[in-house]
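What follows is a set of notes on a single structure, which appears directly below.
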Ligand code: KIV
């Protein structure tokens, strides 16, 4: 009889031992991976409690946590601060650190050193790099050191200004052909999966079918192997930019505003703190204290 077909490739090919179970890919029939961003201990803990597969400490944190207008100014120091907090909160999810702009562009040596900081000092499992086939060499070098790399093509926010802004990608024959070739090149370089940002759904499907590592889509349709959203977008916590592809799963902004307004009113009107939220000293201790101060007062008279 013919030999049985080989098992499907594990989801994370480059490093399938990392905090994850190997599973078949999501093309059509099976489990789809979910990823969200997180930037601090509290939300990382919540993401893990919800059994989210992948937590990305995205450089979108530069915007939603530090208030920059875009992701380009994010620094290694800021990313390290956030990744350290996240790894304290999440122990089981796959943790991926976004490498900030210019931390992997100057030289291969510096790129490896910076990638190493996320894994060695910050408890991350992998790093993510934005870029097309031009960064294949860097990805190859980082993966060779044993650090898994998630690639990111399509809209690349760090350099979006140079390429016409935040625009849908893969809309023409030549741009779509380049995206598919980039994805293949990055797979050959050793990337364990690829984020597709704002790529037309037809081209995302073609990319997903043309490589054997998984694709994670953001604004790229449903034919990717997994999906990722920026946490602050899906919770309506950040409203400076509202991408059309974001589904809002909760309105934490409105809830937080309500809570803060109620708190202010309670303090101003004296309703907070009430008895329930106050503490007491034992009455015998209090009486001793009152007697003591009473004597002092009389002595002064
Ligand atoms: O920085 C980020 O949050 C990202 C996601 C949009 C994939 O790169």
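What follows draws every value from the coordinates through simple rules; no lab data is involved. Note that the structure is a prediction, hence the values are computed from the model and not measured. Every residue, glycine among them, receives a Cβ derived from its backbone with ideal geometry; neighbour counts consider all protein chains shown.
I'm a student and want to see the number: the projected area of the Cα convex hull of the stretch 230-301, averaged over all directions, in nm².
Dividing the Cα hull surface by four gives the mean projection, 9.4 nm².
Pop the C-beta distance of residue 276 and residue 65 into the FRET formula with R0 = 30 Å and round what comes out to the nearest 0.05.
About 0.35, to the nearest 0.05.
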Q) Label-point separation (nm) for residue 162 and residue 239, each offset 7 Å from Cα along Cα-to-Cβ? A) 3.5
Q: Please give the helix 252-269 orientation as an angle from the longest Cα principal axis of the chain, in degrees from 0 to 90, rounded to the nearest 10.
A: 10
(Q) I'd like the distance between the alpha-carbon centres of the stretch 161-218 and the stretch 67-133, rounded to an integer number of Å. (A) 21
Q | DSSP-defined antiparallel bridges as percent of all bridges, the stretch 33-161, nearest 5 | A | 0
Q: Please build a GNM for the chain, connecting alpha carbons under 10 Å apart, and tell me which residue among 139, 108, 153 fluctuates the most.
A: 108
Q | GNM result for the chain, Cα springs below 10 Å: residue of 179, 257, 196 fluctuating most strongly | A | 257
Q: Rank these for me by crowding, 276, 92, 201, going from fewest to most other beta carbons within 10 Å.
A: 276, 92, 201
(Q) For the chain, take the longest principal axis of its alpha carbons; what is the angle in degrees between that and the long axis of helix 76-89, to the nearest 10 within 0 to 90? (A) 70
Q. Out of 105, 152, 232, any idea which swings most in a Gaussian network model of the chain, alpha carbons joined below 10 Å?
A. 105
**Q.** Extension gain from residue 41 to residue 252, taking 0.36 nm per residue of separation minus the Cα-Cα distance
**A.** 74.2 nm
**Q.** Helix axis angle, 173-188 relative to the chain longest principal axis, alpha carbon, degrees
**A.** 80
Q | Stokes-Einstein diffusion coefficient of the chain, Kirkwood radius over Cα pairs, 20 °C, 1.002 mPa s, in µm²/s | A | 100
Q: With a point put 7 Å past each Cα toward its Cβ, work out how far residue 76 is from residue 287 in nm, to one decimal.
A: 6.7
